[in-house]
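Read the structure below first, then the notes.
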Amino acid sequence: MGAVAERLPRVPGFADRWSEVSPKAAGRARREAVPRRAHADFAEAPDRPDAVAAVEESNRGRIGELVPIRVGRMAATPFAFLRGSAGLMAYDLAHGTPATGIGAQLCGDAHAANFGLYGDARGGLIIDLNDFDETAHGPWEWDLKRLAASLVLAGRLTGAAEDVCRAAAYDAAGAYRRTVRLLAGMSAADAWNAVADEELVSHADAHDLLGTLRRVSDKARRNTSARFAARSTRETGDGGRAFVDAPPVLRRATDAEAAAVAASLAQYLDTLPEDRRPLLARYAIHDVAFRVVGTGSVGTRSYVVLLLDHRGKPLVLQVKEARPSVLRPHAAAAGFAEPEPAHEGRRVVLGQLRMQVVSDTLLGWTTVEGRPYQVRQFRNRKGSVDPAALAPDELDDYGRMTGALLARAHAHSADPRVLAGYCGKSEELEEAVAAFAVAYADRTEKDHAELVAAVRAGRLAAEHGV
């Protein structure tokens, strides 16, 4: 080390140039405590919550009249049940699987259906994780195991052979491992700025998926605020536009609701970078509607706000309630305790910014009548692949692509050299994760059957097809 460097002080927030242990060696050392083959293990805890009771608990605090829609969506298939039961799986991961002790910013719901396309500020399309409601700091492997289990369930739903389902989980873990190794070999800046684009498809060897991605991309480019506004609003006598009721998914907000949501946008503006505020200053607020969204989110409060510029061109914002992450208490049980967030909307937004290279330029947060909300663009050229509709030769490609995306997202908060040191060169990790995924898919099918039985017995009301 040069004489000048030796005279410089250690500065908090920067790497310690005097460290004697390399990040990759630190990752390898974790294998002594938690061997990679141990990730095949899944032992149900004796006090594991009953699946139906877990659903009932997760419905607390939601709008009662919408809960049957949520239950109906979860009861549709085991794949859908898993999407709505992130909290139950987090319990299982915390109490029935080993933890590496290597932390990362987790999506919290890295279900295969929560990856998709969205637009960047220049009109291009990015593919990445797109659901951060449950984001929290925790063991990196939790996201990977959730992705792998959901891929097995997606394959089973399409009738794919069991070896095809298992291969999708195996390939997702393999792509994750190879991607962190690739990122670990890059300069810090290049690894940080690795963008989720067509080059990622080549890296993940997902060429059989190209046709599907092109079709989804073409549809996503048409999925805009303007198109939504054209279908969901009508002209008013004063030259503006207003939402049209389309129950039960969309209804105009009451005057009190609309006033509260509109007023909250002043606080939202304060959470945006200063350079974005002049853009929104060119739009006027015209109407507010309540809109049902998602599977896990059904029953939470979610509004769409219609903005029009001087030419009558629309921009639609979504103001979506942000509930506490279902992962947080279970991550704490696994050794990743964090202070309670000052604002749940801020938690969601910062988690998203920490995991994506390119994010919605209008992400922010606010509070409406004492409840925290996140704010984002609605229909920002968004599109998604339905994993449960993929052909068998596409499912493993989708697994490789999403595994690579997840690795890149984790590498923003966890040093990819540490992850690469733990994951190693052999295929031991993917063998273990695939075995776990099959076992957990079996458990989820049982949970789903219990929910269906509860609906049939009248314990839970369910509204199907909404």
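The values are calculated or read from the model by the stated rules, or taken from the named source; none is laboratory data. Values in this document were obtained by computation on a predicted structure and should not be read as measured data. Cβ placement follows ideal geometry from the backbone for every residue including glycine, while neighbour counts extend to all protein chains displayed.
Within segment 255-283, the residues that satisfy the criterion of being of a type in the set (Gly, Ala, Ser) and either surrounded by 10 or more Cβ atoms within 10 Å (Cβ to Cβ) or at pLDDT below 95 (or both) are Ala258, Ala259, Ala260, Ala262, Ala263, Ser264. Identification of helices (runs of 4 or more DSSP H) wholly contained in segment 219-285 with 1 or more residues that are among the charged types (D, E, K, R) and more than 28 Å from the chain's Cα centre (by Cα) yields 255-271. For segment 203-212, taking the residues that are within 23 Å of the chain's Cα centre (by Cα) and part of a helix (DSSP H, G or I), the one that is modelled with the highest pLDDT is identified as Thr212.
The requirement of being at positive phi and of a type in the set (Asp, Glu) is fulfilled nowhere in segment 356-367; no residue meets it.
For segment 42-55, the criterion of being within 30 Å of Ala322 (Cα to Cα), part of a helix (DSSP H, G or I) and not small (Gly, Ala, Ser) is met by at least one residue.
Using the structure shown, decide if Glu57 is under 21 Å from Arg146 (Cα atoms) and either at pLDDT below 95 or within 25 Å of the chain's Cα centre (by Cα) (or both). Yes; evaluated as a whole, the condition is true for this residue.
For the residues Ala86, Ala90, the requirement of being of a type in the set (Gly, Ala, Ser), in contact with a helix residue (DSSP H, G or I) (Cβ under 7 Å, 6 or more places away or on another chain) and surrounded by 21 or more Cβ atoms within 10 Å (Cβ to Cβ) singles out Ala90. Taking Arg215 as the residue in question, decide whether it is assigned to a strand (DSSP E or B), surrounded by fewer than 19 Cβ atoms within 10 Å (Cβ to Cβ) and either without any contact (Cβ under 8 Å) to a residue 12 or more places away in the chain or touching a Cys at 6+ places or on another chain (Cβ under 7 Å) (or both). Spelling it out, it is not the case that Arg215 is assigned to a strand (DSSP E or B), surrounded by fewer than 19 Cβ atoms within 10 Å (Cβ to Cβ) and either without any contact (Cβ under 8 Å) to a residue 12 or more places away in the chain or touching a Cys at 6+ places or on another chain (Cβ under 7 Å) (or both).
Within segment 56-80, can you find the residues that are touching a residue at least 60 places away in the same chain (Cβ under 8 Å) and either closer than 19 Å to Thr135 by Cα or outside any helix (DSSP H, G or I) (or both)? Within segment 56-80, Ser58, Asn59, Gly61, Arg62, Ile63, Ala76, Thr77 qualify.
Within segment 309-341, if we keep just the residues that are among the small types (Gly, Ala, Ser) and within 21 Å of the chain's Cα centre (by Cα), the residue that is nearest to Ala90 (Cα to Cα) turns out to be Ala331.
Do you know which residues across segment 90-113 are under 25 Å from Pro416 (Cβ atoms) and assigned to a helix (DSSP H, G or I)? Ala90, Leu93, Ala94, Ala112 - these are the residues of segment 90-113 that are under 25 Å from Pro416 (Cβ atoms) and assigned to a helix (DSSP H, G or I).
For segment 129-172, which positions are of a type in the set (Val, Ile, Thr) and either surrounded by 24 or more Cβ atoms within 10 Å (Cβ to Cβ) or in a strand (DSSP E or B) (or both)? Thr135, Val152, listed by residue number.
If you go through segment 449-466 and keep only what is part of a helix (DSSP H, G or I), surrounded by 12 or more Cβ atoms within 10 Å (Cβ to Cβ) and either touching a strand residue (DSSP E or B) at 6+ places or on another chain (Cβ under 6 Å) or not hydrophobic (A, V, I, L, M, F, W, C) (or both), you end up with just Glu450.
Determine whether Ser325 is without any contact (Cβ under 8 Å) to a residue 12 or more places away in the chain and buried (at least 17 other Cβ atoms within 10 Å of the Cβ). Considered against the rule, which asks whether it is without any contact (Cβ under 8 Å) to a residue 12 or more places away in the chain and buried (at least 17 other Cβ atoms within 10 Å of the Cβ), Ser325 comes out as no.
Look at Tyr91 and say whether it is over 22 Å from Thr402 (Cβ atoms), in contact (Cβ under 8 Å) with a residue 60 or more places away in the chain and aromatic (Phe, Trp, Tyr). For Tyr91, the condition - over 22 Å from Thr402 (Cβ atoms), in contact (Cβ under 8 Å) with a residue 60 or more places away in the chain and aromatic (Phe, Trp, Tyr) - is met.
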